[in-house]
1. Across segment 25-74, what is the number of residues that are among the charged types (D, E, K, R) and more than 9 Å from the chain's Cα centre (by Cα)?
2. For segment 49-67, how many residues meet the condition of being under 15 Å from residue 122 (Cβ atoms) and crowded, with 19+ Cβ neighbours inside 10 Å?
3. I'm trying to understand the selection: among the residues of segment 129-160, which are of a type outside the set (D, E, K, R), within 18 Å of the chain's Cα centre (by Cα) and either modelled with pLDDT under 50 or surrounded by 13 or more Cβ atoms within 10 Å (Cβ to Cβ) (or both)?
4. Does at least one position in segment 85-106 carry a residue that is of a type in the set (A, V, I, L, M), at pLDDT below 65 and part of a loop (DSSP other than H, G, I, E, B)?
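The values are calculated or read from the model by the stated rules, or taken from the named source; none is laboratory data. On a predicted model such as this, the values are computed, not experimentally measured, just so you know. Heads up, the Cβs are rebuilt from the backbone with ideal geometry, glycines too, and the neighbour counts pull from every protein chain shown.
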Amino acid sequence: MNLQTDMPFTSAEMRRSAQSPPSEEKFQFLLFILDSLAPRKLTVDSSFYSSILVSGALAGGLQKRIASLISRSRRDGNQKEIDCGEIEATGQEELCSVISSWEDLFGNYSSYKEELGPSTVFPSILVSTKKNLGRILACENSVTYSQNNRRSSQMASRRR
């Protein structure tokens, strides 16, 4: 798969690498493996999780967006399921959408795009964070869309 064995710790180091971005088929295969682990309630190795996020960050576009949602799912844990259950109890089921698998989301993103929101339930991801926590956080930072990242890039472009 041409994934580095020693992943960089910062997003700047990742951008500097001269590695070609992974193909969609490779990224989809990583999502297939991730989906295979979830029903068995198996933990994902931190190196494998990081490689998924790095692949998404290097490829950009839709792959980066999916990697960002994977990162969000790990951080949020199972809290979304409780919120969705409360919404269904009030009779507003249309506000709550459930994504069945990461591979399905990647393949059919255009149909899910309008439904994605704060009440969306993503497949759960259990990542072993006992070691390589710094690597995990650096990889998550490289795929996170936040206001601070947008502001700093806008400020840098204005200075030029």
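1. Here the count works out to 6.
2. Summing the residues that are under 15 Å from residue 122 (Cβ atoms) and crowded, with 19+ Cβ neighbours inside 10 Å in segment 49-67 gives 6.
3. Of everything in segment 129-160, those that are of a type outside the set (D, E, K, R), within 18 Å of the chain's Cα centre (by Cα) and either modelled with pLDDT under 50 or surrounded by 13 or more Cβ atoms within 10 Å (Cβ to Cβ) (or both) turn out to be 129, 132, 136, 137, 138, 139, 141, 142, 143, 144, 149.
4. Taking every residue of segment 85-106 in turn, none turns out to be of a type in the set (A, V, I, L, M), at pLDDT below 65 and part of a loop (DSSP other than H, G, I, E, B).
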